[in-house]
Structures are given as C-alpha cells and as structure tokens.
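Below is one structure. I have some questions about it.
Values in this text are rule-based calculations from the coordinates and carry no lab data. This structure is a prediction, so every number in the text was calculated from the model and none was measured. No Cβ is skipped: glycine too gets one built from the backbone with ideal geometry, and neighbour counts run over all protein chains shown.
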2 protein chains.
Amino acid sequence: MLGALADHSRRAIVACLAERPRAVGELADELPISRPAVSQHLKVLKDVGLVSDRAAGTRRIYRLNPAGVAALRDQLDAFWNRALAGYQAAVEQPAGEQGTEGDL
Amino acid sequence: MLGALADHSRRAIVACLAERPRAVGELADELPISRPAVSQHLKVLKDVGLVSDRAAGTRRIYRLNPAGVAALRDQLDAFWNRALAGYQAAVEQPAGEQGTEGDL
DNA sequence: CGCATCGGTATGACAATACTTACCGTTCGT
DNA sequence: ACGAACGGTAAGTATTGTCATACCGATGCG
C-alpha cells in the first residue's frame, strides 16, 4: 500500500485529488503525462483502496477514499509506534550490553 | 523521502531495525539478499535520515533515527490533513454543484 | 441512428532501480 | 605483524515499472 505512493506521478495524482475530485481527463490535463498513464495510476490507487471512482455520464470522477487514507495512516502510525518502542527499549538499557556505546 | 520506503527490501530492513539495532551482516542474514545489497539500501536510508550508523569495532551498527521517522510521520500527517480537508470541503457542499451526485 | 467524446486496455520501448560477483580498506585477534 | 572478518564500493546484469501510441467499448447528443 505504501508502495502505491512511491511513484512521483501517483503522489501528484493523489495531491490533485486531495484538493477536489477530478475526472481522468482533468487529471491528465494537470499532469505532464498522458491519459492512459493516468488511468493506470488510478487503477493502482484504486486497487489499494486509496481512491474511489464514480460514473458521471461518460466521465469517471475519481476522489480520495477517506477510509483508505485513514487505514494507511493507521498502518504507518503502528509502524512508527513499533519503531519508537524499539528505540526506547534500546536507550532504556542502563547497563549497556556493549560498552562501546559512546553517545548519540 | 517517501520513495525510500517504496522498495520492499528497504521496508524489510526498516522493519528489522525497528525491532532492534542490527549490524549489516545481521540484516543480510535475516534478509534474502546479499550484504552489498543491504549496504546500498542502508546508504539510501541513511541519506534520507531514516537510519543512523554507529561504529562498533569492525562492525557497523545501524538503527532507526527517531528524528527522521518523526519527520516522515509529520510529512505524511500534513498530507492526510490536506486530503481530508479537501474531502470535507467536498461533502460540506449543501447545494450540490452537480445534481448528478446521488449518494456515497 | 450516426457521430463525437471520454475511459480503459494492449502492446512496445525506454528508463530506473535492485541484485550479484569481485575487489579494497579497515579493524580485531593471535 | 600476519591472518581473518566485517563492511563499503564498483561494475555489470537482470528485473521491474513507467510512459506513449494505437485500438476498442461505452455513453451522450443531434
């Protein structure tokens, strides 16, 4: 899921969608890539649940999926939590395991 | 910075480092990749400030950098904030711009 | 009912990146 | 001081992924 935000164009699409829902053509008009590329990125983003699409006539309106965004944020938060917990466990060692620890 | 976490091996390294600080050989032993690959990933992670290294004799102990982790989390949080703000602005429209909006 | 527009898909090329093997410098132990 | 081990770097290869052009289906309008 995090990998979906790795690509630069994909982040641009998400940023564009964060401001307001957009159609595929609108996104392609704002971005320096073609419509098919936008479609593929949209497919990836929809596959991971970050965006959702809505049919409006011949247009397809894409918008951010708050649930997916929240899920990603929660996942990241859990990750940070674990990371900081491990860091705390490391610095909470009064009797250092290796005496080579100088300082930080 | 987010791109640093795009790679699968890099996320695995970060996950491994989240549990406890590790040497390069330790990481390579846990991961299905060779030591040089780990070194290169570690270089990337250190370059973006996500990890920091400490010399312990001939070994090099790597651990997560809480500052970098916090910075990344803050950046992501700002991003989510903007995204949800835009979403709220969209749903806060009592007089729909397009009458085509049925429901969610 | 025919035409136009919009989206998605398939295919191919190009680029970027990750991985491996080989080599070198550095540091510890004997 | 020599040998061993650990880690970083360099170059080459392979894989992955992104982008563009071309084609097709669907929807709306005249």
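Which chain B residue comes nearest the axis with its C-beta when you rotate B onto A, and by how many angstrom?
In residue-and-Å form, the answer is B:Ala6, 1.
Order by neighbour count: B:Leu17, B:Leu2, fewest other Cβ atoms within 10 Å first, most last.
Arranged by neighbour count, lowest to highest, B:Leu17, B:Leu2 become B:Leu2, B:Leu17.
Another question about this same structure. List the trypsin sites (Lys or Arg not before Pro) within segment A:1-53 that DSSP assigns to loop and that have no more than 13 neighbouring Cβ atoms inside 10 Å.
none
Follow-up question, since we're still on this one. Using the count of nearby Cβ atoms within 10 Å as a rough guide to exposure, how do B:Asp77, B:Asp7 rank from fewest to most?
Numbers: B:Asp77 13, B:Asp7 16.
Starting with the residue having the fewest Cβ neighbours, the order is B:Asp77, B:Asp7.
Here's another thing I want to ask about it. B:Asp77 to B:Asp29: FRET efficiency via 1/(1 + (r/R0)^6), r the Cβ-Cβ distance, R0 35 Å, to the nearest 0.05?
0.50
From the square roots a ≥ b ≥ c of the eigenvalues of the alpha-carbon gyration tensor of segment B:7-57, which class results: rounded (a/c under 1.5), prolate (a/b over b/c), or oblate?
Rounded, because the longest to shortest axis ratio a/c is under 1.5.
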